[in-house]
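The values are calculated or read from the model by the stated rules, or taken from the named source; none is laboratory data. None of the values given here were measured: they were computed from a predicted structure. When we count neighbours, we look across all protein chains shown, and the Cβ atoms used for this are built from the backbone with ideal geometry, even at glycine.
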Amino acid sequence: MSRRSGQNGTIVIQSGFYRVRWRMDVEGQEERINMSAKIVPVVLDKLGNPKPPSPEIRRKARGIVEQSGANSKEHFNRVVLGEVSFREQAKVYLQWAKTRDREPIKDISSIEAALNKWILPEIGDLSLGAINNITIKPLVDKMKKSLSARTVNTYVEYIQQVVASLKDGETGEPIHRRKWDSTVMDLPVVNQRQQRRPSLKVQAVNKLVTESKGKEQALYVLLGATGMRLSEALALKPAISSTTGVLSKFVSKLTVTFPASSTISRRTVLIVRSI
């Protein structure tokens, strides 16, 4: 915002007053407008001519400009950068999300599908600064009629990420700080018990076991008997015998950690002796 910062104002004499003039960004238009305000009555010298503005008058002039917000980064970010549309920023966000070095999103197709089908048709042309709890509530109400609670919440998270992706170039902080409120948006509550959890039936598990051999067969038995996730089973430390296809040492209780190097998501599973 270098071209819009650091204004001291220009002091002029008009109608018997020292006045300060400056330029101001205004919402909804590209061009800035000219502003003017009185400072103090003109002071005359012995000859009756106006005296040049004193340091005190210049100080007051700067104070008027500062108080107007013309030099405020917050005002610049809200008025100027806020005119970026949600649609435009969504493109920037997707490009950044898949190319960033820290945890890039390898496949953004699901996000693009959500944006194109549900989000952009409703709020794509709104300015980014206008996106908030109230303006996206109609979209939430519309999605609730066709989508699951989990999907609606996920799509709202996409919106929040796009809004937060516009950053201040100097601080790296979001331009538009939002306090998202699920109650105001009336987001549906996600019931974990109602979430889809695909599972194999006994016949399918038996077929996998009988038609496999060695370590692969042992893995299928372990997954079926313990209910472990595949990633958890692959992270196990106890060795599986390459000849017998069973755990080399019997354990009645095993603590599984995923990821293997983390202390988060730790849970205990039971392994029966027959395995």
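A compact table of results
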{"read-out": "Of all residues in segment 125-154 being of a type in the set (A, V, I, L, M, F, W, C) and part of a loop (DSSP other than H, G, I, E, B), the one that is nearest to Thr183 (Cα to Cα)", "value": "Ile134"}
{"read-out": "Enumeration of residues in segment 108-122 that are in contact (Cβ under 8 Å) with a residue 12 or more places away in the chain and of a type outside the set (Val, Ile, Thr)", "value": "Glu112, Ala114, Leu115, Trp118, Leu120, Glu122"}
{"read-out": "Any chance Ala130 is small (Gly, Ala, Ser), at pLDDT below 90 and out of contact with any strand residue (DSSP E or B) (no Cβ under 6 Å at 6 or more places or on another chain)", "value": "yes"}
{"read-out": "Among (1) modelled with pLDDT of 90 or more; (2) in contact with a Phe, Trp or Tyr (Cβ under 6 Å, 6 or more places away or on another chain) - the single one Leu139 does not satisfy", "value": "(2)"}
{"read-out": "Neighbours by Cβ (under 7 Å, 6+ apart or cross-chain): first from segment 92-107, in the same structural domain as Gly124 (by TED's automatic domain parsing) and surrounded by 11 or more Cβ atoms within 10 Å (Cβ to Cβ); second part of a loop (DSSP other than H, G, I, E, B) and of a type in the set (A, V, I, L, M, F, W, C)", "value": "Leu94/Ile108; Ala97/Ile105; Ala97/Ile108; Lys98/Ile105; Lys98/Ile108"}
{"read-out": "Residues being more than 20 Å from the chain's Cα centre (by Cα) and acidic (Asp, Glu) - total across segment 142-162", "value": "0"}
{"read-out": "One residue from Glu122, Glu157 being part of a helix (DSSP H, G or I), among the charged types (D, E, K, R) and in contact with a Lys or Arg (Cβ under 8 Å, 6 or more places away or on another chain)", "value": "Glu122"}
{"read-out": "Test set (1) modelled with pLDDT under 85; (2) within 25 Å of Ile108 (Cα to Cα) - Leu234 fails condition number", "value": "(2)"}
{"read-out": "Some residue of segment 261-271 being in contact with a Leu (Cβ under 7 Å, 6 or more places away or on another chain), assigned to a loop (DSSP other than H, G, I, E, B), at pLDDT below 80 and surrounded by 15 or more Cβ atoms within 10 Å (Cβ to Cβ)", "value": "yes"}
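Residue-by-condition table, conditions (1) crowded, with 17+ Cβ neighbours inside 10 Å; (2) touching a residue at least 24 places away in the same chain (Cβ under 8 Å); (3) out of contact with any Asp or Glu (no Cβ under 8 Å at 6 or more places or on another chain); (4) under 15 Å from Arg87 (Cα atoms):
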position: Gly124; (1), (2), (3), (4): no, yes, yes, yes
position: Asp141; (1), (2), (3), (4): no, yes, no, no
position: Val152; (1), (2), (3), (4): yes, yes, yes, no
position: Ile159; (1), (2), (3), (4): yes, yes, yes, yes
position: Val163; (1), (2), (3), (4): yes, yes, yes, yes
position: Lys167; (1), (2), (3), (4): no, no, no, no
position: Gly172; (1), (2), (3), (4): no, no, yes, no
position: His176; (1), (2), (3), (4): yes, yes, yes, no
position: Thr183; (1), (2), (3), (4): no, no, yes, no
